[in-house]
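Inspection log for the structure reproduced underneath, given as structure tokens.
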Number of protein chains: 2
Amino acid sequence: MAERVVVIGADAAGMSAASQALRTAERTGRGLDVVAVDRGHWTSYSACGIPYWVAGDVAGPHQLVARTPEEHRANGIDLRLLTEAVELDLDAGWVEVVDHAAGRRERLGFDQLVLATGAAPIRPDVPGADATGVFGVQTLDDGGAVIRYLARDVRRAVVVGAGYIGLEMAEAMVRRGLAVTVVDRSPEPMTTLDPDLGRQVHEAMEGMGIDVVTETDVEKFEIDGDGVVRAVITDAGIFDADVVVLGTGVRPATELARAAGLPLGATRGLRVDDGMRVADGDRVVDGVWAAGDCVEAWDRVRRDWVHVPLGTHANKQGRVLGTNLGGGSARFPGVVGTALTKVCDLELARTGLTEDDARAAGLDIIAVTAESTTRSGYFPGAMPITVKVVAERPGGRLLGVQIVGRDGSAKRIDVCALALWNEMTAAELAMTDLSYAPPFSPVWDPVQIAARKVADRL
Amino acid sequence: MAERVVVIGADAAGMSAASQALRTAERTGRGLDVVAVDRGHWTSYSACGIPYWVAGDVAGPHQLVARTPEEHRANGIDLRLLTEAVELDLDAGWVEVVDHAAGRRERLGFDQLVLATGAAPIRPDVPGADATGVFGVQTLDDGGAVIRYLARDVRRAVVVGAGYIGLEMAEAMVRRGLAVTVVDRSPEPMTTLDPDLGRQVHEAMEGMGIDVVTETDVEKFEIDGDGVVRAVITDAGIFDADVVVLGTGVRPATELARAAGLPLGATRGLRVDDGMRVADGDRVVDGVWAAGDCVEAWDRVRRDWVHVPLGTHANKQGRVLGTNLGGGSARFPGVVGTALTKVCDLELARTGLTEDDARAAGLDIIAVTAESTTRSGYFPGAMPITVKVVAERPGGRLLGVQIVGRDGSAKRIDVCALALWNEMTAAELAMTDLSYAPPFSPVWDPVQIAARKVADRL
């Protein structure tokens with residue numbers, strides 16, 4: 001008889017897992033019936049695309065959907081949208097779901113459970129944080145809500161938090177003609193970079209007309225009589241706001257899992273093994289799997305568990321999960337902390353540890369910053385690029401790289417990520433066979449210039 | 001007493017070596033006097049930039065010079081231009097040079113000799129190959145000669161050979177308004193790619209208005225009574241030509257070294273150890289060093305010696321040579337065969353073995369081609385990219401990657417080069433932590449999509 005699989009969460013991780021499980025099961029002959037539930041309206045979408053939808057680069061939400069509910073159903077998945085999982089009994093093997101459209105509760109029995117419940121925006125613990133007009137941007141439904149709200153008479157926006165989503169949403173709203181202020185508690189925006197590089201981000205934001213207020217804490221969201229946000233009150237003054245976007249990070253949405261007694265890490269993310277089975281160290285929880293923004297991943301550089309809510313990991317983890325669930329074999333080998341974005345025409349990227357991270361961890365390090373150009377200096381379109389390399393003393397093992405620059409800069413982080421992945425030294429990276437032609441690179445790639453300087457100093 | 005170093009060849013390899021030797025010697029306390037000779041007018045220039053100078057992207061030769069003769073002299077190098085090394089006596093320790101400006105011969109004694117004599121264009125072994133108007137493009141002096149010639153009443157150009165320099169020069173001349181025909185003996189242009197990808201190059205060239213004639217051998221260059229080229233006679237017909245550019249490859253310029261009995265490989269390149277000492281296997285030739293286009297490099301994927309005349313290797317090898325010569329320690333760890341260029345707006349890149357290479361070597365392989373986009377498919381500016389991965393059966397070790405695509409494609413080869421460098425499998429590469437954001441990549445990077453397909457098939 002076929003095993004019953006219940007998948008909670010129908011975005012990247014859950015649906016990659018479901019699809020890959022069925023694909024693999026077809027090959028292995030394993031019998032699987034798959035039910036997937038999600039409390040939202042959408043499946044398999046790019047949440048990362050929401051700021052570009054807000055900015056108008058993308059016409060509508062359907063463009064952000066990689067695979068529709070109909071396509072998933074055609075592939076044999078029993079998909080139930082607007083259906084929220086509210087209780088989980090692992091011993092009895094059921095999950096209770098509420099069908100919000102039908103107003104019906106139901107218990108779905110399972111042999112195998114896939115948790116892909118994602119992450120939820122962190123709301124500042126201050127009065128008014130739940131007011132009308134204060135938005136987290138995590139799901140496609142969130143994105144739709146923001147866009148509908150911006151269609152009102154909305155002129156002034158405050159973004160709280162200057163990380164990836166904060167910057168992307170700030171730029172999107174400036175491009176829609178709003179006056180935008182970004183408030184952050186750190187000395188410079190983008191704290192996944194060191195402050196010396198964050199300074200360049202700061203300047204790029206100001207260059208775009210964004211008001212950047214750093215080293216500032218939000219104390220309260222002021223609301224009117226209808227419960228609608230009107231201003232953001234901070235320790236640096238009051239900022240009028242017709243709309244507020246929260247860029248204060250997300251946390252794993254693991255309440256259901258926690259209530260069921262499943263193992264969570266320090267970040268509240270589910271602990272998994274490299275096959276994406278929920279596991280507490282070596283103790284695997286039989287028949288329970290998890291992937292995506294609700295799990296922790298092993299950071300190969302930090303040598304610790306981290307929470308990195310990125311669509312690329314969700315897709316990979318979902319695929320690994322599905323392969324194993326379907327009777328195949330795959331493993332998710334961890335992360336090195338690679339991420340990138342752009343602010344106006346400034347590209348930023350990072351992988352591994354920043355200088356601040358490494359010093360905070362008590363490591364004996366060297367950090368070197370090199371200025372260069374994206375193409376041969378004489379070639380039209382050569383753009384400035386700054387590469388900062390952090391390496392361990394005295395051996396020179398690479399610990400992290402940060403890149404800030406104009407067109408053609410940020411994707412160079414991938415080479416650095418692979419160098420970290422393979423535990424290379426700066427001297428080794430400097431001598432590897434990277435591509436060179438004047439329209440693409442100086443004769444020493446900017447990454448190798450920086451790595452070489454590290455090697456020279458050691 | 002200071003040791004006397006003579007450097008033959010004042011371009012990237014020679015002058016990197018000289019500069020780095022002096023820099024290192026300052027640190028180690030080793031006493032060095034450096035004399036450098038070159039038969040041309042220039043030092044430390046980007047020969048790779050010549051096509052862009054011809055095209056008008058670069059205003060003049062001075063822009064292609066990374067370091068001028070005056071700068072080198074100011075750094076303490078006794079630099080002699082228009083000075084050609086004509087004979088070498090290793091036992092006696094002198095090189096005889098001709099100063100073409102002064103018309104004087106001289107023997108320069110040395111304790112240490114650096115050979116950086118570069119490479120020379122291969123001229124087809126057919127009548128008329130030395131005619132006026134037939135140009136190889138290797139040195140900055142060559143570039144200047146072509147440009148002066150093109151300023152005449154020159155309308156029709158024939159390029160013989162559709163490799164990197166052939167394509168770049170063809171495009172440059174089309175952009176100057178010439179009618180350009182490219183003749184090559186292979187089924188498709190750009191034989192450093194497999195023909196299926198070469199086909200895209202062929203189409204891009206035709207799209208630019210270049211006449212591409214493949215599977216065609218040159219039989220003769222027709223000349224007029226003044227010895228000026230007038231047509232290229234091939235087995236596929238006669239092509240009128242006011243100017244001919246040779247893109248038929250280069251060979252190491254090692255006549256001097258060969259005459260002196262130094263060890264050459266099958267490619268005629270000098271054999272060196274990883275410290276850039278001339279060496280026949282384990283037998284190092286004491287006090288003789290070499291770097292750049294005149295040497296062979298160890299190919300880590302082929303596991304064989306190859307000749308890869310690229311500025312990026314010349315710079316790295318020169319630096320390694322100089323470090324060791326100056327009393328420090330460095331090694332050049334070899335190459336994996338990475339290269340890239342662009343034809344109009346088509347970018348092309350390769351690293352490692354092509355499918356044809358691998359099959360010719362008798363390897364049991366799988367080759368997979370994946371079509372994708374450079375950004376998330378919904379993001380403005382997403383461009384088509386084709387990635388072809390070659391891997392070994394059954395383990396999946398990566399052997400080579402080729403990329404052809406529009407803006408944002410080619411530099412992705414560097415990740416592949418680093419994967420080859422570290423002997424990764426396709427499955428490993430597919431799961432590494434590469435960067436993702438919609439303006440930069442689909443959620444699975446195109447390289448990982450291709451690698452994943454290889455892993456799936458194995």
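The values are calculated or read from the model by the stated rules, or taken from the named source; none is laboratory data. Quantities reported herein were computed from a predicted structural model and do not represent experimental measurements. All Cβ positions, glycine included, derive from the backbone under ideal geometry; neighbour counts span all protein chains shown.
Of the conditions (1) within 21 Å of A:Asp299 (Cβ to Cβ); (2) touching a strand residue (DSSP E or B) at 6+ places or on another chain (Cβ under 7 Å); (3) not polar (S, T, N, Q), A:Val404 clears all except one; give me its number.
Condition not satisfied by A:Val404: (1).
Please find, among B:Val454, B:Val404, the residue that is more than 7 Å from every other protein chain (Cβ to nearest Cβ), within 26 Å of A:Ala437 (Cβ to Cβ) and of a type in the set (A, V, I, L, M, F, W, C).
B:Val404
Output the strands (runs of 3 or more DSSP E) that fall wholly within the range B:285-343 and possess 1 or more residues being surrounded by fewer than 21 Cβ atoms within 10 Å (Cβ to Cβ) and away from every other protein chain (no Cβ under 13 Å), or say none.
B:304-306
Any idea which residue in the range B:407-416 is nearest to A:Val308 (Cα to Cα), counting only those that are at the interface with another protein chain (Cβ under 8 Å from one of its Cβ atoms) and crowded, with 23+ Cβ neighbours inside 10 Å?
Applying the filter and picking the extreme gives B:Val415.
Can you confirm whether the range A:49-70 contains a residue that is in a helix (DSSP H, G or I) and more than 14 Å from every other protein chain (Cβ to nearest Cβ)?
Yes, that holds for at least one residue.
With respect to B:Gly275, is the statement that it is away from chain A (no Cβ under 14 Å) and not β-branched (Val, Ile, Thr) true?
Answer is no for this residue.
In the same structural domain as B:Arg156 (by TED's automatic domain parsing) and of a type outside the set (Lys, Arg): which single residue out of B:Asp274, B:Asp282, B:Asp286, B:Asp224 fits that description?
B:Asp224 is the lone residue from the list that is in the same structural domain as B:Arg156 (by TED's automatic domain parsing) and of a type outside the set (Lys, Arg).
Which ones in the range B:410-433 are touching a helix residue (DSSP H, G or I) at 6+ places or on another chain (Cβ under 9 Å) and either over 27 Å from A:Gly318 (Cβ atoms) or of a type in the set (D, E, K, R) (or both)?
Residues satisfying the conditions are B:Lys411, B:Arg412, B:Ile413, B:Asp414, B:Ala417, B:Trp421, B:Glu428, B:Asp433.
Please name all residue pairs, on different chains or six or more residues apart, with Cβ atoms under 6 Å, provided the first residue is in the range A:365-383 and is closer than 19 Å to B:Arg67 by Cβ and in the same structural domain as A:Pro438 (by TED's automatic domain parsing) and the second residue is surrounded by 19 or more Cβ atoms within 10 Å (Cβ to Cβ) and of a type in the set (D, E, K, R).
That search, which allows pairs on different chains as well, returns A:Ala382/A:Arg375.
Please count how many residues of the range B:3-28 are assigned to a loop (DSSP other than H, G, I, E, B) and over 17 Å from B:Val288 (Cα atoms).
1
Residues being closer than 17 Å to A:Val368 by Cα and facing chain B (nearest Cβ under 7 Å): count how many of those fall in the range A:432-451.
The qualifying residues number 1.
Taking B:Glu84, is it assigned to a strand (DSSP E or B) and either among the basic types (Lys, Arg) or over 25 Å from the mean Cα position of the chain (by Cα) (or both)?
no
I'd like the full set of residues that are at positive phi and under 21 Å from the mean Cα position of the chain (by Cα), limited to the range B:323-355.
Those that are at positive phi and under 21 Å from the mean Cα position of the chain (by Cα): B:Gly334, B:Gly337, B:Cys344, B:Gly352.
Would you mention how many residues in the range A:245-259 are surrounded by 19 or more Cβ atoms within 10 Å (Cβ to Cβ) and part of a loop (DSSP other than H, G, I, E, B)?
4
Would you mind stating whether A:Ala360 is surrounded by 24 or more Cβ atoms within 10 Å (Cβ to Cβ), over 20 Å from B:Gly408 (Cβ atoms), modelled with pLDDT of 95 or more and not polar (S, T, N, Q)?
Answer is no for this residue.
Looking at the range A:370-389, can you tell me whether even one residue there is at the interface with chain B (Cβ under 8 Å from one of its Cβ atoms), within 23 Å of B:Asp445 (Cα to Cα) and surrounded by fewer than 24 Cβ atoms within 10 Å (Cβ to Cβ)?
no
Are any residues in the range B:430-449 touching a Leu at 6+ places or on another chain (Cβ under 9 Å), touching a residue at least 12 places away in the same chain (Cβ under 8 Å) and of a type in the set (Gly, Ala, Ser), and if so, which ones?
The answer is B:Ser441, and nothing else.
Of all residues in the range A:258-293, which are among the basic types (Lys, Arg) and either farther than 16 Å from A:Pro333 by Cα or modelled with pLDDT under 95 (or both)?
A:Arg258, A:Arg268, A:Arg283
Could you tell me whether the range B:48-59 includes any residue that is within 29 Å of B:Arg105 (Cα to Cα) and crowded, with 17+ Cβ neighbours inside 10 Å?
Scanning the range B:48-59, I find no residue that is within 29 Å of B:Arg105 (Cα to Cα) and crowded, with 17+ Cβ neighbours inside 10 Å, so the answer is no.
Given the residues A:Ala455, A:Ala419, which is the only one that is within 22 Å of A:Leu197 (Cα to Cα), touching a strand residue (DSSP E or B) at 6+ places or on another chain (Cβ under 8 Å), buried (at least 24 other Cβ atoms within 10 Å of the Cβ) and aliphatic (A, V, I, L, M)?
Among A:Ala455, A:Ala419, only A:Ala419 is within 22 Å of A:Leu197 (Cα to Cα), touching a strand residue (DSSP E or B) at 6+ places or on another chain (Cβ under 8 Å), buried (at least 24 other Cβ atoms within 10 Å of the Cβ) and aliphatic (A, V, I, L, M).
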